[in-house]
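Undergrad: Here's a structure for you.
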Amino acid sequence: MIVADNTKREKQEKQHPTPRKHKRLKNMVTPVFWIALATTLVLIGVALAFPRSFEKASTATREFIAINFGWLYLVIITAMVFVCLYLILTPLGKIRLGDPGTKPEHSTFSWLAMLFAAGMGIGLVFYGAAEPLSHFAVSAPEAKLYSRQALRDALRYSFFHYGIHAWAVYAIVALALAYFQFRKKERTLLSATLKPLFGEKMEGISGKIVDALTIVATVIGVATTLGFGAAQINGGFHYLFGVPVTRFIQLGIIIVATIIFLIDAASGIDKGVKVLSNTAIVFSLVLLVLALFLGPTVRIFNMFISTTGDYLNNFISMSFQSAPYAPSEQAWIRKWTILYWAWWISWSPFVGVFIARISKGRTVREFLTYVLVIPTVFSCIWFTIFGVMSTDSVAADHSLARMPIETALFGTFSHYKGGMLLSIIAIALVLLFFVTSADSATYVLAMESENGTLQPHTRVMMVWGVIVASIAAVLLFAGGLNALQNALIIVALPFAVILSLVTFSLVKELRYEGAQMGLEIKPETYPAKGEPFRSYEDDPAQVQDDPAQGEGDAQQAQGNSSRVQGDAQQAQSNSMQA
């Protein structure tokens, strides 16, 4: 009855999305919206009223969490990687995210473009040249600065931070949401994925707390990213055209981008988000190809192959590296790896909801393979190209290492022919990722505010878009982005526990359904004793598909063999008597 009602509800939402537009906001949203909004406004209000005290307290809390619970982040995210591999390699990977025979709603290219733009986007452009440069010339994880080993470590850890581990977090959350949404006919809420563990309790206050925390984490993560994105666009304009770096310029960038993504959000996923995501991927590919051939091409290819080997060879050791006996290395891990893991965890509800929404019709194996492999390969190529360009440039010009992160990419391009063209494309790309991230976020926030509906009201999306942009702008003026980044890591701690429960709940439900479907790893046929299967002798037409039939054939073959031996003995006895 519940499944039928939910299916009927989804059809009604798709067929009749417009009559609800005249409703007031309070009639559109659930109490989760008000809880999350109040929590967010209180947090921002404290940050503005007591900026120094809040930043000092949040920094101390962040350090406490990183020192005492950094190991927990390492364990949880690495466990998610192995869960993904388990689901890919076992028969559970055959389960489809939807009813049997359901086809994907989006082409593979558009699907990958949308999930990549939502999942990484600005981060790649922001840190593509800056992170390898920092690891090589500013703060190396292990080796001496500017050394050959420092260069290897710089690219290896860039691969690590933006590779399989990051996408495993997104993949698990997105898979859980998509599985319960399209397979179990539940709402697209993180609380719904915990029903196998807690049952109907997730319909009460406990579920509302989980969903409200999801919204708060999404708002903080997106607002932080928008603030950094505006700073990078301003930095690019300053480096190229002499535009002053001021908070008013950055505010103008946020306002313009907000107008664009609100207009885009109103057009829906199939139009605005998909078109902008596809455009962003095309710009990314153009920038990659131009940089590859304008930069040290052969060196880039060699470094990509070598670093890929280093990354795979050190995959396990990096996954569990906490450096307990090396305080300086431990501090570096807290500053980079733990920060990234917390960042991916806090972003996972937003990215997971969005990826789940566009992934209907794909199998578990297809979903996980694509989400883990394709973005990881793309990220590794990205960091190789821009990392090699930046580290080669800083070796000749040490001043590049002292540049702010938001201008490091443009400073790198200035050392190569066609640098102006590359910089212009990069600024356009940052703006595109800026808009697509905010666009996707407003859609997800509206979904979560309206009890996980697939067709949220445009007015709710507009409200969240204005709120997120306003938070980014206010904190940019108050110098509170660093404090908000600290809050991001703090929020990630309880979320890490929630994601562990989500992972366990997902595996439990998949195993239950797999058992009901008969998805098990076992042989289908058995060879007869002394008669092994041989590809060069067996007739394929004789192979049986039924395991029971295979066992029967084996028993019958053994019986036939015994009868043949008995007949031979009888014939020999008759011959002797004769």
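Undergrad: Tell me which of Gly295, Leu262, Leu285 sits at the most positive position along the dipole axis of region 233-376, charges placed on C-beta atoms (Lys, Arg +1; Asp, Glu -1).
TA: Leu262
Undergrad: In square angstrom, what is the accessible area per residue of region 68-192 with a 1.4 angstrom probe?
TA: On a per-residue basis, region 68-192 sits at 29 Å².
Undergrad: Still on this structure: For a quick check: with amide H placed at 1.01 Å from N, whose amide H comes under 5 Å from Thr363's, ignoring anything fewer than 5 positions away on the same chain?
TA: Close amide H contacts, sequence-distant or interchain: Leu97.
Undergrad: Could you tally the net charge around Gly163, taking each other residue with its Cβ under 13 Å from the Cβ of Gly163, Lys/Arg +1 and Asp/Glu -1?
TA: The answer is -1.
Undergrad: Arrange the peptides 433-443, 406-416 so that the one whose residues have, on average, the most other Cβ atoms within 10 Å appears first.
TA: The most tightly packed comes first, giving 433-443, 406-416.
Undergrad: In region 76-163, which chymotrypsin sites (Phe, Trp or Tyr not before Pro) are in a loop and have at most 16 other Cβ atoms within 10 Å, using DSSP for the loop call?
TA: Tyr146
Undergrad: Moving on. Please give the Cα centre distance for region 71-105 versus region 189-216, rounded to the nearest Å.
TA: Region 71-105 and region 189-216 have Cα centres separated by 21 Å.
Undergrad: Once phi is turned into θ = phi - 60°, what whole-Hz ³J(HN,Hα) does the Karplus curve with 6.51, -1.76 and 1.60 give for every residue of region 514-520, x standing for Gly and Pro?
TA: Listing the rounded values in order: x, 5, 5, 8, x, 7, 9 Hz.
Undergrad: Provide the packing ranking of 466-472, 524-530, 95-101, 29-35, i.e. peptides ordered by the mean count of other C-beta atoms within 10 Å per residue, highest first.
TA: 466-472, 29-35, 95-101, 524-530
Undergrad: How would region 393-433 be classified by its alpha-carbon gyration tensor: rounded, prolate or oblate, with rounded meaning a/c under 1.5 and the a/b versus b/c comparison settling the rest?
TA: It comes out oblate by the Cα gyration axes.
Undergrad: May I ask you to give the solvent-accessible area per residue for region 265-371, in square angstrom, as obtained with a 1.4 angstrom probe?
TA: Heavy-atom SASA per residue in region 265-371 reads 40 Å².
Undergrad: Moving on to the next point. Using a cut-off of 15 Å between beta-carbons, work out the net charge of the residues near Pro141 (Lys and Arg +1, Asp and Glu -1, Pro141 not included).
TA: Once all neighbours under 15 Å are counted, the net charge is +1.
Undergrad: Say the cut-off is 24 Å between C-alpha atoms; which of Lys195/Lys274; Lys274/Lys360; Lys185/Lys208; Lys335/Lys508 go over it?
TA: Over 24 Å apart, Cα to Cα: Lys195/Lys274; Lys335/Lys508.
Undergrad: Modelled label-to-label distance, Leu519 and Ile255, 7 Å Cα→beta-carbon offset: nm?
TA: 5.2
Undergrad: Still on this structure: How much FRET efficiency would the formula 1/(1 + (r/R0)^6) give for Asn313 and Val138, where r is the Cβ-Cβ distance and R0 is 22 Å, rounded to 0.05?
TA: That gives a FRET efficiency of 0.30.
Undergrad: Here's another thing I want to ask about it. When N is the residue count of region 226-312, what does its C-alpha Rg come to as a fraction of 2.2 N^0.38 Å?
TA: Compared with the compact-globule rule of thumb, region 226-312 sits at 1.49.
Undergrad: Can you work out the Karplus-derived ³J(HN,Hα) for every residue in region 57-70? Use 6.51 cos²θ - 1.76 cosθ + 1.60 with θ = phi - 60°, whole Hz, and x for glycine or proline.
TA: These are the phi-based 3J(HN,Hα) values: 5, 5, 5, 5, 5, 4, 5, 4, 5, 5, 6, 9, 10, x Hz.
Undergrad: Give me the percent of accessible area attributable to carbon and sulfur for region 330-389, probe 1.4 angstrom.
TA: Whole-percent figure for carbon plus sulfur exposure: 70.
Undergrad: Please give me the summed charge of the neighbours of Leu190: other residues whose Cβ is under 13 Å from its Cβ, Lys and Arg +1, Asp and Glu -1.
TA: 0
Undergrad: Let me ask something else about it. Under a 5 Å amide H to amide H cut-off, with H placed in plane at 1.01 Å, what residues pair with Ala326 once short-range neighbours are removed?
TA: Counting only residues 5 or more places away or on other chains, the set is empty.
Undergrad: Residue by residue through region 279-296, which ³J(HN,Hα) values in whole Hz follow from phi under the Karplus form 6.51 cos²θ - 1.76 cosθ + 1.60 (θ = phi - 60°), with glycine and proline marked x?
TA: Along region 279-296, the couplings run 5, 4, 5, 4, 4, 4, 5, 4, 5, 4, 5, 4, 5, 4, 8, 8, x, x Hz.
Undergrad: Just grab the label-to-label distance for Val474 and Ile305, each label 7 Å out from Cα along the Cβ direction, in nm (one decimal).
TA: Those two pseudo-labels are separated by 5.5 nm.
The values are calculated or read from the model by the stated rules, or taken from the named source; none is laboratory data. None of these values were measured; they are calculated from a predicted model. Heads up, the Cβs are rebuilt from the backbone with ideal geometry, glycines too, and the neighbour counts pull from every protein chain shown. These accessible areas exclude ligands, DNA and RNA; they are computed on the full protein's heavy atoms, side chains included. Shrake-Rupley method; radii C 1.70, N 1.55, O 1.52, S 1.80 Å.
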